[in-house]
Ligand code: HSE
């Protein structure tokens, strides 16, 4: 059996998972790759007590791995977009195929990296960059190749889903759950990437590019995280029959492409509402197949390693093939990708959940509903909840029918100007997806 030499750069949570899984499952992995996959070198600044690398050469300079003439595939698992970018470019320069789990790198520099790789007949594979262990890149690029994609929506950050699930089911504190997600190795090195939606934005760009055949670009993407979500909104959502999830949504229409990441109310009976903990799920609606849902672990050592190794197997199996015989990084020749206008969030149509504090006296609600009616916004449900005893204000929660965000913003501005309304209005978008 011929052998393919792999150099792993980075021995953190995912690196250790890749090393251990390659060792543990070498028999089926080699059979599937039709060659012996050998980890020749590991480049890491420090050892990882979670894996036994006694029989493998560990070197401190990852660039030595990228330049090693014996290495066929460089596996980039260091993260970030600076050193990782230089590492990937060095590896390509030295004729190595690259496997990476780095969504930020692909979202921000993918076009350049793929162009360099294509010009050299090399592969840059990135299955682990989106939705951890779920083979969503292959599904979109190859499994659904016959379809025009209408929309996709997904829970694509495990950390935020873990936090929201714990807040919802156990009433736990945001900070406390975040610390646990970090300890479990789910969160990014800088967890603001998770909770502010940046990580999900990187992943959404990759999915949208594959779905709609457009170049990778973060421009125009709307991002909102979960840091402003209040436990009372999670509870009110439940009262109305909804669950709050942090979704990445990409939708193609005649006006362009919607690209948005934000907390979203989804009906509690919808499939995506049942996706809890660190799990991810991506729902894809396409013209031929209809609606499909891909579900599984979205982060963590071995689930992510599972996707990294799938790429290593893919590259290894066809390492001697002509470059043209391989599936291109974004599913087609880069010259066939077409930029699409990205829609302004103001022009997007959806339903809304609104919460605000209003004076508890006759006529207040009718002033509010009049403003909504004047803005052509129809109300689906309204509830009023008492503040603690002694307060003259009540919490008002409104669920609207589908409307343009621009109209909602206008209504919000008017309502906030009413003397009977205190503070600002909190609103969350609502999506019905598979309903
Ligand atoms: N921080 C990421 C998440 C890791 O929580 O989903 C997987 O990309």
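Some values worked out for this structure:
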quantity	calculated
Distance in nm between pseudo-label sites at residue 227 and residue 268 (7 Å out along the Cβ direction from Cα)	3.0 nm
Ratio Rg/Rh, restricted to the range 326-371 and using Cα atoms, in which Rh is the Kirkwood radius	1.44
Additional length obtainable on full extension of the chain from residue 120 to residue 325, 0.36 nm per residue less Cα span	72.4 nm
Cα-based helix-to-principal-axis angle, 103-119 vs the chain, degrees rounded to 10	40 degrees
Inter-label distance for residue 81 and residue 401, nm, one decimal - labels placed 7 Å from Cα along Cα-to-Cβ	4.2 nm
Acute angle (nearest 10 degrees) that the helix 174-183 long axis makes with the longest principal axis of the chain, alpha-carbon atoms	10 degrees
Whole-Å distance, taken between Cα centres, linking the range 52-124 and the range 334-381	45 Å
Alpha carbon convex hull of the chain, projected area averaged over orientations, nm²	22.0 nm²
Relative exposure of 317, 429, judged by other C-beta atoms within 10 Å (fewest first)	317, 429
Convex hull volume per residue for the range 346-435, taking Cα atoms only, in Å³	94 Å³
Ellipsoid semi-axes in whole angstrom, largest first, where each is sqrt(5λ) of the Cα gyration tensor of the range 87-155	24, 14, 11
Helix 405-417 vs. the chain, principal-axis angle (Cα, 0 to 90°, nearest 10)	50 degrees
Scaled radius of gyration (Cα, divided by 2.2 N^0.38 Å) that the range 39-180 gives	1.27
Residue-averaged 222 nm ellipticity for the chain, from DSSP H runs of 4+ at -39500 (n - 2.57), nearest 500	-10000 deg cm²/dmol
Extended-chain gain in nm, criterion 0.36 nm per residue less alpha-carbon gap, residue 291 and residue 334	12.8 nm
Alpha-carbon gyration tensor eigenvalues x 5, square-rooted, for the range 141-296, Å	27, 17, 14
Whole-Å distance, taken between Cα centres, linking the range 265-279 and the range 175-220	18 Å
Residue-span extension gain [residue 376 to residue 419] - 0.36 nm each, minus C-alpha spacing	13.3 nm
Beta bridge orientation in the range 141-296: antiparallel %, DSSP, nearest 5	95 percent
Cα gyration tensor category, rounded, prolate or oblate, for the range 247-396 with a/c compared to 1.5	prolate
Which of 306, 253 has the fewest Cβ neighbours within 10 Å, and the rest in rising order	253, 306
Stokes-Einstein D for the range 159-227, Kirkwood Rh over Cα pairs, 20 °C, 1.002 mPa s (µm²/s)	164 µm²/s
Value of relative contact order over the chain, rounded to a whole percent, pairs C-alpha under 8 Å and six or more apart	17 percent
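Any read-out appearing in this document is the output of simple, stated calculations on the displayed coordinates, not a laboratory observation. Computed from a predicted model, the values in this text were never measured in an experiment. Here the Cβ is made from the backbone with ideal geometry for all residues, glycine too, and neighbour counts use every protein chain on show.
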